[in-house]
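The block underneath contains the structure these notes are about, expressed in structure tokens.
The values are calculated or read from the model by the stated rules, or taken from the named source; none is laboratory data. Bear in mind the structure is a predicted one, so any value in this text is a computation, not a measurement. Neighbour counts run over all protein chains shown; Cβ positions are idealised from the backbone, glycine included. Note: accessible area is taken over every heavy atom of the protein model, side chains too, but ligands, DNA and RNA are not part of it. Shrake-Rupley method; radii C 1.70, N 1.55, O 1.52, S 1.80 Å.
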Amino acid sequence: YALKLARDGDVIKVYSGKVYHERFKITRRITLTGVGNPVIDGDQKGNVVEIKADGVTVKGLTIINSARSSNFDFCGLFGKDVHDVTVRNCKFRANQFSIMFQNATNCTISGNNISSNITFNPLMGNAIHCWKSNNMTITRNMIGHNRDGIYLEFVNHSHIANNHINGCDRYGLHFMFSHYNVYEQNYFSRNKAGVAVMFAHHVTMLDNIFELNEGTSSYGLLIKELQYSHIMRNKFWRNTVGLMVDGGSDLAVKHNEIRDNGWGIRLISASNNDTIRANNFQGNTFDFTTNVSYNHNFVDG
């Protein structure tokens, strides 16, 4: 009822003390604020919250129980064709996809606590999923069990920083066809396949920790067809493979700490013109491996 009466610029406060069994759409430029983390329960009937206006802020809510389907992507919070939306300090539980933006610009996802109890693979979605978006800011989120922690596809000029991602069923962070992005000071631990950056260019990866990503096809960081990018000052600790570079071109891999992995760095023959310099290898079973005797890469120091 409050949403129906609201006008642009209004602030709506929702108080704790009861569970709100509601699903709703926000069609005005408002701020929706939870006081005491009230619970919005979608009863597994669709998207719980849909944002259809620019300039919306949603904060301080606990959003649970989106619908679940192998044919449709249902979300705790869904925004499409919007800009300048903020989702801050919310808790997401038991959703198929927790937060999804499509065709969005200048949106912020910050300070949220996200995990899902869904374990059946065809129904399992991502914690934060962005598609065909630009200038997204994703910071300080605590992410537990999901398929991917953060998934970006056709997402450019975005900043991903200070997120803690643990225990995802696939990748902690997954880039596809996403360019001119920076991710830094994130912590990725115990994800089944670590982090993957694929089919992209001009990606900067600084000061991240990749730890205990272990398994038969697991990596701290997997690079696949990446160009003109920087991998610097990261820590690769106790992964099956610390850094796997397959099809990397014109990469700068410098000043990383690569410790106690099975393989420290694996450089595959499709990679060329990479500079791998001044990295610290310690305690790996194999520090550095490649599958050819000659390529156009520079390895030094």
### Query
With ASN112, ASN117, ASN141 as the choices, which residue is more than 16 Å from ALA161 (Cβ to Cβ) and either polar (S, T, N, Q) or crowded, with 19+ Cβ neighbours inside 10 Å (or both)?
ASN117
### Task
Would you mind telling me which numbered condition in (1) open to solvent by 10 Å² or more (accessible area, probe 1.4 Å); (2) of a type outside the set (A, V, I, L, M, F, W, C); (3) part of a strand (DSSP E or B) SER98 fails?
(1)
### Query
Got a number for residues in the range 268-301 being part of a loop (DSSP other than H, G, I, E, B), among the acidic types (Asp, Glu) and open to solvent by 60 Å² or more (accessible area, probe 1.4 Å)?
0
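Here's the yes/no breakdown for (1) open to solvent by 30 Å² or more (accessible area, probe 1.4 Å); (2) farther than 23 Å from ASN134 by Cα:
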site	(1), (2)
PHE175	no, no
TYR180	yes, no
ALA200	no, no
ASN208	no, no
SER218	no, yes
LEU226	no, no
ARG233	yes, yes
### Query
How many residues does the range 131-163 contain that are of a type in the set (Lys, Arg) and under 24 Å from ARG93 (Cα atoms)?
2
### Query
Checking LEU5 against (1) touching a strand residue (DSSP E or B) at 6+ places or on another chain (Cβ under 6 Å); (2) at pLDDT below 95; (3) not charged (D, E, K, R), which test does it fail?
(1)
